[in-house]
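Visitor: The structure follows.
The values are calculated or read from the model by the stated rules, or taken from the named source; none is laboratory data. Computed from a predicted structure; not experimentally measured. Glycine also receives a Cβ, built like all others from the backbone with ideal geometry; neighbour counts cover every protein chain displayed. Please note that ligands, DNA and RNA were not included when accessible areas were found on the heavy atoms of the full protein model with its side chains. Shrake-Rupley method; radii C 1.70, N 1.55, O 1.52, S 1.80 Å.
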Amino acid sequence: MASSYRLMMAGVLALIAFGVGMALYGYQVAIYPVDLAGGYLSRAESAQTPEDIAYFVRLARNELPEFGNPVWSFPTAKTDFGLIHRNLDAILARANSISSLEPYSTEYNTGMYDIHASIEGIQKQLVDATPYLYVSFTNIMLSAVWIAVILALFAIMRRGRARFRQEYENQ
């Protein structure tokens with residue numbers, strides 16, 4: 001009986017460790033790059049020069065998937081990473097074009113305002129896409145394995161309980 005109890009406790013601890021590892025891996029692979037890109041875009045939105053904007057937009061662009069849409073049930077253009085990349089490329093082109101303008105001129109300020117507004121829009125798109133990233137194929141498969149382990153653990157516990165009852169009745 002003590003060995004089955006130890007086996008069940010080891011199973012529970014393994015289940016918890018697997019769940020924590022699965023959650024960390026899923027976050028690191030699916031969510032963190034988009035979250036990191038959102039942080040870079042936040043820095044770009046508050047940047048005061050076109051060069052700084054371009055620097056942070058390039059960092060954000062490198063973190064985002066080049067194509068695909070996390071909303072697999074009913075995809076929209078709002079959450080399409082390919083279109084988001086095109087928007088980031090357009091922001092880089094605009095930042096490059098206004099970098100030659102005189103600071104504090106009307107054209108320069110209008111261009112900076114336009115870029116900041118575009119970056120804010122892309123940040124909102126990333127926020128809208130983030131919940132759907134949790135439902136990626138990898139995360140679904142890892143969750144299925146985790147559920148299978150839980151069911152196996154319950155089956156082992158049920159057998160152990162039945163064996164314990166049988167031994168108790170035989171005494």
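Visitor: Residue by residue through the stretch 9-28, note down the ones that are farther than 14 Å from Ser143 by Cβ and in contact (Cβ under 8 Å) with a residue 24 or more places away in the chain.
Guide: Gly11, Val12, Ala14
Visitor: Also, quick follow-up: Across the stretch 131-171, which residue is most open to solvent (accessible area, probe 1.4 Å) among those that are modelled with pLDDT of 80 or more, in a helix (DSSP H, G or I) and of a type in the set (Ser, Thr, Tyr)?
Guide: Applying the filter and picking the extreme gives Tyr132.
Visitor: Which residues, taken from the stretch 40-57, are without any contact (Cβ under 8 Å) to a residue 60 or more places away in the chain, surrounded by 15 or more Cβ atoms within 10 Å (Cβ to Cβ) and part of a helix (DSSP H, G or I)?
Guide: Hits for the stretch 40-57 are Tyr40, Arg43, Ala54, Tyr55, Phe56.
Visitor: Please verify whether the stretch 76-90 includes one or more residues that are more than 23 Å from the chain's Cα centre (by Cα) and modelled with pLDDT of 95 or more.
Guide: yes
Visitor: If you go through the stretch 56-104 one residue at a time, how many are among the aliphatic types (A, V, I, L, M) and within 15 Å of His116 (Cβ to Cβ)?
Guide: Of all residues in the stretch 56-104, those among the aliphatic types (A, V, I, L, M) come to 57, 59-60, 64, 71, 77, 83-84, 88, 90-93, 95, 98, 101.
Within this subset, residues satisfying the condition of being within 15 Å of His116 (Cβ to Cβ) are 57, 60, 88, 90-92, 95, 98.
The number of residues fulfilling the criteria is 8.
Visitor: Does Tyr108 meet the test of being at pLDDT 95 or above, among the aromatic types (Phe, Trp, Tyr) and surrounded by 14 or more Cβ atoms within 10 Å (Cβ to Cβ)?
Guide: Working: at pLDDT 95 or above: yes; among the aromatic types (Phe, Trp, Tyr): yes; surrounded by 14 or more Cβ atoms within 10 Å (Cβ to Cβ): yes.
Answer is yes for this residue.
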